[in-house]
Structures are given as structure tokens and as C-alpha cells.
Ligand code: GUN
Ligand code: FE
């Protein structure tokens, strides 16, 4: 039962600065949990099935801390607006279509196929405000074997009629029903409380969602300090809040009592950063989206040096692709621009750091996930980097670096495992 041995050239993060590499080694997985890496198969595990990947590269499955499943339909389109205008022009009209279950079925089939083909093994997902369509998304995601949190989105103000819930009360009721219908129903997916962002949710709604999060012990996801126009709007809407984060914290939707992931955090001030640290809020860094909708560059060097929890997010379709290899490259590149153009003390990120964020850093949101250390859940992806040929001999670290920069999932992904179980890469 989900027990096996993986053979290949193994690479994972021990911490932010330390990559562990093991050439020609055997990773033992018992009941979905990592039980050591060996030069030879240990006697006591000799009966386990061997998945021999030869000289291929084996790394932990990648963790996507923030994406929007319904927006996959317009990925790669509509990158010509800033956030708020982009939402009303592209995102909201698309999301309104998910009241139609036949459309949702087609769209979410395409989304889950995309996720299957990727190197992602865990994902934290926004659906839409529609309960039935979001349950359909969970049915489909669950079947992939990828592990996910999925949210029915809440929005009871500042949205078109087609995408605004009737009242705070109706939204809270529907969310409670969603939680009851989906908690512990699936093997691989669980519900997550999902107020879209402060401009979409009245105080009354936020209060109700805080109650549900505490009562049912459900984690929380939302957006934070993404774009200057959005932040100014939050200041108008919540004059009582000392910062954007406080508008969540007041309602128990900011890391306490339930774990919380906030996307972006491009403009968090000292106080908001201190609050995130104190409450253990996870930050989903989404560099593609921050470029595409002209939000800016998040100060990730600062977050890492202050010990905040940071992972990467694809943020489809603000981000153009689900590929976390692409997201890693973008995180590296924007950190160099930030250092050059914004803050010469903010040392650019390096490969080990972004790899850590995309594996063990983001994985912490799911528990002991994102590493091959003993006791971690065994999520792995196998990369055939002989498909990225070079005459040079390369170290494992160099192979990892190339797989990241050259798009290891698109060209060279050859197998994927989640909790010790092999999952299909396509239909
Ligand atoms: N803020 C509120 N909704 C969204 C969304 O769909 N995408 C992004 N990038 N930011 C948001
Ligand atoms: Fe988002």
C-alpha cells in the first residue's frame, strides 16, 4: 500500500540554504512516508516494488500555494490591464460562467489535465462562488491523486450581479453547506475558507467566515497587499484597520486560529510583516502575476531573512502558466531586478532558495511535505534531463538548475508520485 523504492539521482532541500544530493541512490517509502535514502536497498525493504529511474533526477513534488482553477480558461490572454480593471474585464466575466455546470465540467476537465501534466503534487486553489461547480472541481482534482485545498469563493460586494452572492448571510450559509458536503469526503482534497479579498467581502461576511473557520477548523486563503489601487481601496473600505492584514486579522482570518495563506504581499509594511510573522501566515509569492497585472515585486529576500513562511504560487491566470519551474525562474529574475532597481541591500535569491520555497517551504502548509527527509510524505517528480542534452558533465545541483531554467516539466518530466502513489501524467 503506497510502499515502494525509488532509484535515481536524488536531490532535495534540508533548509533554505542547503541542497542535499545523493547520486545513484534508493529512496524508501513505506505507507506513503519517506523512510531513508540508501546506497543499496536495505535487506528489510528488499520485498518492496522498485521503481528504477536509472540516471534520472528525482526531486520532491512541487507545491503551488495559490492558483485560480476557473481562470485557466483564459490563461495567456488579457495581460493588458492592472489588477482591478483586469478583474472586472477578464476574471469576473469568466468566473460568472461557472453557474453553468456543463461549462464548469469542460473547463475543470481541462484544468485538471493541465495539473496532471505538471510537476505539481500539491495545490491550494480558488474555485468560484458557485458551490456546485466547486464541488465538481474537487471531484476531478481528487481523482488525479494530486493533493489539494479547494475554496468556494466568497464575494458579497463590489462584483457584477452575476457574481455577487445575495447577502452576507446567504454566502455564509452556502459556505457552511460547502464545508459540510466536502470535509473528509475525499482522499486527496479538503475545503478551505476563501474570502476573495477585502474589497469583495463585507465585514458581516468576514465575521461569519471567521466563525466557520474556527468552528470547523478549516484553513484560510486570500489575497493581501497586491497592488497599489487595491490597497488604497481597502483603506477606504476599512478605515478602522491599521493595515490590510488587520482587516483579516480582526475576524480571525489571518493565521490564527487557523493556518492561512495570503497571495502576493508585494506592499506589506513593517507592521503587516510583523503580524504575518507572529501569526505564522504563509506567503504565496506569485511573480508572474505580479508582472502581468503590473503589481510590482514582492520583497522576498526580506521575508526569508526575517524567517517568514514563503512558498510559490502560479496564480493562474494573472500568471500565464501552471508551471512552477517557470515560477521559480521568474522568482529568481524579479529578485535580481529588485536588487538592481529597488534595494541594493536585497541580495538576489539563488536556486537553492527558490527550490526550497517551491518544495519544503510551501510544503509546510500541508504538513511534513516537500522533502525526502525521514517522516515526510513521499511526493516526488522524476526528470529525464538527458532530454536537455549538453556535452558537459554536470553535478546534480547543476542538473537541477538546468531543469528549472529549461522547463523540467514541459520537456522532461517522466514520472510523478504523491504520498507514495504513482499518478498519471495525462489522461
Ligand atoms: N485579487 C482578488 N481576486 C484576484 C484574482 O483573481 N487574481 C489576482 N491576481 N488577484 C486578485
Ligand atoms: Fe490570486
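The values are calculated or read from the model by the stated rules, or taken from the named source; none is laboratory data. Since the model is a prediction, treat every value here as computed from it, not as a measurement. Counting neighbours? That spans all protein chains shown, and the Cβs are built from the backbone with ideal geometry, glycine included.
Which residue pairs have Cβ atoms closer than 7 Å, lie 6 or more positions apart in sequence or on different chains, and pair a first residue in segment 165-184 that is over 20 Å from residue 202 (Cβ atoms) with a second residue that is loosely packed, with under 14 Cβ neighbours inside 10 Å?
From residues that are over 20 Å from residue 202 (Cβ atoms), there are no pairs.
Answer yes or no as to whether residue 157 is surrounded by fewer than 21 Cβ atoms within 10 Å (Cβ to Cβ) and more than 15 Å from residue 128 (Cα to Cα). Let's see the steps before the verdict.
Details: surrounded by fewer than 21 Cβ atoms within 10 Å (Cβ to Cβ): yes; more than 15 Å from residue 128 (Cα to Cα): no.
Spelling it out, it is not the case that residue 157 is surrounded by fewer than 21 Cβ atoms within 10 Å (Cβ to Cβ) and more than 15 Å from residue 128 (Cα to Cα).
Filter segment 299-321 down to the residues that are within 16 Å of ligand 2 (Cβ to nearest atom) and farther than 18 Å from residue 221 by Cα, then identify the one that is nearest to the chain's Cα centre (by Cα).
The extreme case among them is 321.
Across segment 97-142, what is the total count of residues that are outside any helix (DSSP H, G or I), farther than 23 Å from residue 381 by Cα and touching a strand residue (DSSP E or B) at 6+ places or on another chain (Cβ under 9 Å)?
Qualifying residue count, segment 97-142: 5.
Among the strands (runs of 3 or more DSSP E) confined wholly to segment 1-95, which include 1 or more residues that are touching a strand residue (DSSP E or B) at 6+ places or on another chain (Cβ under 8 Å) and modelled with pLDDT under 95?
Details: elements: 4-15, 18-30, 33-38, 50-60, 62-68.
Filter on segment 1-95 gives an empty set.
Scan 243, 279 and give me the residue that is under 19 Å from residue 215 (Cα atoms) and either surrounded by fewer than 20 Cβ atoms within 10 Å (Cβ to Cβ) or modelled with pLDDT of 95 or more (or both).
Working: 243 fails: under 19 Å from residue 215 (Cα atoms).
Residue meeting the stated conditions: 279.
If you check every pair at least six apart or on different chains, which have Cβ atoms under 6 Å apart with a residue in segment 21-34 that is free of Cβ contacts under 8 Å to residues at least 40 places away in the same chain first and a residue that is surrounded by fewer than 18 Cβ atoms within 10 Å (Cβ to Cβ) and part of a strand (DSSP E or B) second?
Close Cβ pairs satisfying both conditions: 26/38; 28/36.
Being surrounded by fewer than 18 Cβ atoms within 10 Å (Cβ to Cβ), touching a residue at least 40 places away in the same chain (Cβ under 8 Å) and away from ligand 1 (no atom under 16 Å from the Cβ) narrows it down to one residue among 337, 349, 341; which is it? Break it down into steps so the answer makes sense when it comes.
On the way: 349 fails: surrounded by fewer than 18 Cβ atoms within 10 Å (Cβ to Cβ); 341 fails: touching a residue at least 40 places away in the same chain (Cβ under 8 Å).
Only one candidate qualifies: 337.
Do any helices (runs of 4 or more DSSP H) lying entirely in segment 170-262 carry at least 1 residues that are within 16 Å of ligand 2 (Cβ to nearest atom), and which ones are they? If you could, list the steps in order and put the result at the bottom.
Details: elements: 203-216, 228-237, 244-249.
The helices (runs of 4 or more DSSP H) meeting that bar are 228-237, 244-249.
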